Amino acid sequence: MNNGYNITHEHINNIKTDGRLIGNDDYKGMDILVTSRSKITAFVPDKTVICISIWDEVVDGGPPVLQQGYKDVLSLHFEDVVEPGPQFDGVPPEILYTYEMANKVAQFIYTHKDTDVTLLVIHCHQGINRSRSIASAIVDHFKWPFKFSVGNKLAYDLTLEALQDFKEVV
């Protein structure tokens, strides 16, 4: 199902990376596209695209069906919750973003950052909180010329910590 979106890698220049800072045309690293679940299912990648796919059981009912062709995909299952509270009664604490998940993100990024990868796509349900927070931690850590908002501070903090710890080990 393509939800009316016909997004291919060639269309990236039209939607580009909403976080790219103007005046950084000398940047030669991978671009970052943060998007929603509905758009990611229609995105047609090529072998220079990697994806961090964030989904939750409560809202999404399971992982999205992605188009084939990604160089690599990291699938993460966690709710957009920073900590359990009365508004989330019945939501088990194990669905919170953890340092273990953040470490998987760090390993995934360090594995691909100096390769032929041209685009990192990160999605969550709406493309607002979880995906942007992880994107923000990645670009802040590497000092890449992008800017993303942080809607899930737990995801941002743990990802930044894991990236720093991973860098020290490598």
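The values are calculated or read from the model by the stated rules, or taken from the named source; none is laboratory data. Predicted, not measured: the structure shown is a model, and the values here were computed from it. Remember, those area values only see protein heavy atoms, side chains included, never the ligands or the DNA or RNA. Shrake-Rupley method; radii C 1.70, N 1.55, O 1.52, S 1.80 Å.
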For this session: Would you mind checking which residues have amide H under 5 Å from residue 31's amide H? H placed 1.01 Å from N; only 5 or more apart, or other chain.
Result: 119, 120
Problem set entry | Heavy-atom surface of the stretch 30-87, accessible at 1.4 Å and reported per residue (Å²) | 43 Å²
Seminar exercise, completed: Here the stretch 64-80 yields Karplus 3J(HN,Hα) values (6.51, -1.76, 1.60; θ = phi - 60°; whole Hz; Gly and Pro given as x) of x, 8, 8, 5, 7, x, 5, 5, 6, 9, 10, 9, 10, 10, 7, 7, 7
Seminar exercise, completed: In the structure shown, of 47/104; 71/104; 71/113; 47/143, the pairs separated by more than 19 angstrom at the C-alpha atoms are 47/104; 47/143
Exercise. Can you list the HN-Hα couplings for the stretch 134-147, worked out from phi with the Karplus curve (6.51, -1.76, 1.60; θ = phi - 60°), rounded to whole Hz and with x for Gly and Pro?
Worked result: 5, 4, 4, 5, 5, 5, 5, 5, 8, 6, 6, x, 9, 9
Problem set entry | Whole-Hz ³J(HN,Hα) from phi, Karplus 6.51 cos²θ - 1.76 cosθ + 1.60, for the stretch 35-52, glycine and proline x | 8, 9, 4, 5, 7, 5, 5, 9, 5, 9, x, 10, 6, 10, 10, 10, 9, 9
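Could you work out what % of the accessible surface of the stretch 104-170 is carbon and sulfur, using a 1.4 angstrom probe and leaving DNA, RNA and ligands out of the count?
Here it works out to 50 percent.
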